Amino acid sequence: MEKERKERIEVWQGDITKLRVDAIVNAANTSLLGGGGVDGAIHRAAGRELLEECRRLGGCPTGEARITHGYKLPAEWVIHTVGPVWSGGEGDEDVLLASCYRNSLALAEKHQIKTIAFPCISTGVYGFPAERACQIAIREVKSFLDAHATAEKVTFVCFLESDAGLYRRALGGLPE
Ligand code: AR6
């Protein structure tokens, strides 16, 4: 079982908008109307129709997720989730970040999505420490995969080489 789960997780370094997977996850903000970072890249690549669909959703609270079509993206779906803004770790940032992964994966399951790619949510503009976020992301994905069979592959997309290193080390250290 453990080996099987390991084969369902991969790390890929690059631009998430290029990935031909069923769904890519967007690190959005509560307005869902676009922004910088990965959010800006996804909206640019998907085109204006994505913004129009997002507008109809009326926003998304931190820690929750919403799904739209992918339009001009190679991915069929975009799952938009809103990570917490880091404020020193004394608030509920860890819990909210875990909710982003859990709620995104629950939406994927609901839509029978088999392949899904995550960026490193909250670790850019929102300032969440990369290593701490990586541990939370891996923990949530592992427990989801153990409980659900629909998802065949979860890809952690790391834009930065340093993040790819973090994920590869953390996943290499999974217990056998
Ligand atoms: N593909 C994959 N990852 C990327 C890409 C890309 N094309 N571009 C950046 N990253 P951020 P946040 C990585 O700032 O911290 C936006 O303005 C980046 O290196 O995009 O959740 C939203 O509208 C980092 O590892 O998202 C919100 O206002 C990760 O994506 C706010 O930023 C997340 O960085 C959300 O901030």
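Read-outs: derived from the displayed coordinates by stated rules, not from any lab. Not measured: the values here are computed from a predicted model. Because the Cβ atoms are built from the backbone with ideal geometry, glycine has one as well, and the counts that use them run over all protein chains shown.
Quote the charge dipole size of the range 1-124 about the Cα centre in Debye, to the nearest 20; the model charges only the Cβ of Lys and Arg (+1) and of Asp and Glu (-1). Spell out each step's value before the answer.
Values: 15 positive and 17 negative charges, 94 e Å.
Roughly 460 debye, rounded to the nearest 20.
Tell me, what does the Kirkwood hydrodynamic radius of the range 23-95 come to in angstroms if you use every pair of distinct C-alpha atoms?
Here the Kirkwood hydrodynamic radius works out to 12.4 Å.
Two decimals is fine: what's Rg over Rh for the range 82-176, C-alpha atoms, Kirkwood radius as Rh?
Radius of gyration relative to Kirkwood radius: 0.95.
Apply the Kirkwood formula to the chain: the hydrodynamic radius equals the inverse of the mean of 1/r over all pairs of different alpha-carbon atoms; give it in Å with one decimal.
Every distinct Cα pair counted, the radius reaches 15.9 Å.
Quick one: net charge around W86, please, counting Lys, Arg +1 and Asp, Glu -1 for every other residue with C-beta under 14 Å from its C-beta.
Neighbourhood net charge equals -4.
Under 14 Å from the Cβ of W77, count the other residues' Cβ atoms, weight Lys and Arg +1, Asp and Glu -1, and hand me the total.
That works out to 0.
Taking H placed 1.01 Å from N in the peptide plane, check which residues at least 5 places from H69 or on another chain put their amide H under 5 Å from its amide H.
Sorted by chain and number, the residues that satisfy this are V78.
About its Cα centre, how strong a charge dipole does the range 87-176 have in debye, to the nearest 20, once Lys and Arg get +1 and Asp and Glu get -1 at the Cβ?
300
In the neighborhood of L171, defined by Cβ-to-Cβ distances under 11 Å, what is the net charge if each Lys or Arg adds +1 and each Asp or Glu adds -1?
Taking every Cβ under 11 Å from that of L171, the sum is +4.
Test of understanding: ordering L51, L105 by Cβ neighbours within 10 Å, fewest first, what list do you get?
With the fewest neighbours first, L51, L105 line up as L51, L105.
How many lysine pairs are close in the chain, with Cα atoms under 16 Å apart and the two 8 or more places apart or on different chains?
Within the chain, the lysine pair count is 10.
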